[in-house]
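Just so it is clear, none of the values below were taken in a lab; they were calculated from the coordinates. Just so you know, these numbers come straight off a predicted model, no measurement behind them. We place every Cβ from the backbone using ideal geometry, glycine too, and count neighbours over all the protein chains shown.
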Ligand code: GKR
Ligand code: MG
């Protein structure tokens, strides 16, 4: 039977996000996401979720009418159509911020994942099978700690919800010193069972962040630890402070900026290096191989151009002796489900993946939030991604979007609301 796209619905949403600190500043009270639904002539609805940004949403609105009548199996043609419509992403479009600001990879990821969800529902197979089949039944994630100010985010902003319990209460607490970081880790690991821990750094002077890592090591013994200052340490600080903590690190993520600096520092240290900032596209690969800028690539299907491209990345990593793991930004369950299908399909995952999911409290999928068991998420059952949109919940988060007035992520502006003299510096410490 003929299968074609009848309608594409693009819904921007704003999800509650607590005041988390990073190299770019402070998280706003809401993180933006965009949800894409592809509806076929047969009534199948495929979904996807990407980071929210007005420019990307406009581009999606522009391409949606061109896809009326499109066969969702034709993903190579879809890629060509997107390139013909928007051109390729410019080499410097990634930007200096910790998140990726390219447009075309986001658009393709949004449409590809929703098409794969359609194909899975049409053929009655889970997305993991469309990626070559399961290598594991559940996918392990790491605790993702943040320095943070006290507060809940969302409508409460910097206020607290006194009725919160368990992790919901702990995630409102401040964490601006080693003890705060350790307390946060204990609460998060207790709730989700994580067995590796990452601290988002770049927020405080290097000696303070090293002390936090050593305090985590003291508390958690042999637990694998990671630190990620989003490339805002100088080469000098990275060498002297990194040396003090390298023995307790599983890997060090983007200590310095750019492939050349990463490669030079890596040669002088004895800890594996990971990146989601210096090798972030296929175009970056030749230089990564020439310089050996990192040991581990933190893939992200939203940035590498979808799930199939991430499978291709996995092959490239095996060929060129890179390990592979996954990067994350604030997200909900559609993105998590896609990450889990991909994580289950990729043969060469040797590190627990990143996820911001514990920092979010809302959900737009039927059945509510996906569960973690001993730090891992089981591959969702059912065809496609195995999740269904809850349209009432989607509408409520769309209302947040309309009310909050944000159109893109800008952590510098949020930080300036707290500290007007603060400005973003790509290399700070
Ligand atoms: O959400 O503040 C944040 C993170 O810094 C995020 O933007 C990064 O993209 O998680 C990220 C990373 O690993 O670099
Ligand atoms: Mg990172």
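The packing ranking, built from the mean of other Cβ atoms within 10 Å per residue, places the peptides 419-428, 313-322 in the order 313-322, 419-428, highest first. Here the simple spin-label model places points 7 Å from the Cα toward Cβ, and for residue 138 and residue 408 these points are separated by 4.1 nm. DSSP beta bridges confined to the chain are antiparallel in about 55 percent of cases. Peptides 360-366, 158-164 ranked from most to least packed, by the mean per-residue count of other Cβ atoms within 10 Å: 360-366, 158-164.
With axes computed from alpha carbons, what is the tilt in degrees of helix 178-192 against the longest principal axis of the chain, rounded to the nearest 10 within 0 to 90? The angle comes out near 40 degrees.
Between residue 422 and residue 235, how high is the FRET efficiency from 1/(1 + (r/R0)^6) when r is the Cβ-Cβ distance and R₀ = 25 Å? Nearest 0.05. Don't jump to the answer; show the numbers that get you there.
Working: r = 24 Å, r/R0 = 0.94.
Result of the calculation: an efficiency of 0.60.
Which of rounded, prolate or oblate describes segment 125-201 when judged by the alpha-carbon gyration tensor and an a/c cut-off of 1.5? Please list the in-between numbers first.
Numbers: a/c = 2.72, a/b = 1.95, b/c = 1.40.
Prolate.
The C-alpha atoms of the chain define a longest principal axis, and helix 307-319 lies at about 50 degrees to it. When the inverse distances between all different Cα atoms of segment 229-340 are averaged and flipped, the Kirkwood radius reads 14.5 angstrom. Taking a point 7 Å out from the Cα of residue 350 in the direction of its Cβ, the residues of segment 120-138 whose backbone N falls within less than 19 Å of it are 135-136.
At a Förster radius of 30 Å, what calculated FRET efficiency corresponds to the Cβ-Cβ distance of residue 174 and residue 373, to the nearest 0.05? Walk me through the numbers on the way to the answer.
Numbers: r = 29 Å, r/R0 = 0.98.
Working from the Cβ atoms, E equals 0.55.
Taking every alpha-carbon pair in segment 1-145 and binning the separations at 5 Å intervals from zero gives 2, 9, 16, 18, 18, 15, 12, 7, 2, 0, 0 percent. Sorting 52-61, 327-336 by their mean Cβ neighbour count within 10 Å, with the most densely packed peptide first, gives 327-336, 52-61.
Step by step: find N for the chain, compute 2.2 N^0.38 Å, then divide the Cα radius of gyration by it. What's the final number? Write out the running numbers ahead of the final one.
Numbers: Rg = 20.5 Å, N = 429, 2.2 N^0.38 = 22.0 Å.
This ratio for the chain stands at 0.93.
Against the chain, whose longest principal axis comes from its Cα atoms, helix 259-268 is set at around 40 degrees. Using the Cβ-Cβ distance between residue 129 and residue 9 with R0 set to 25 Å, the FRET efficiency from 1/(1 + (r/R0)^6) comes to roughly 0.45. For segment 180-275, the Kirkwood hydrodynamic radius comes to 13.4 Å, computed from all pairs of different C-alpha atoms. Need one number: % antiparallel among DSSP beta bridges in segment 130-378, to the nearest 5. Of those bridges, close to 20 percent are antiparallel. Put a dot 7 Å past the Cα of residue 86, heading toward its Cβ, do the same for residue 292, and the two dots end up 3.7 nm apart.
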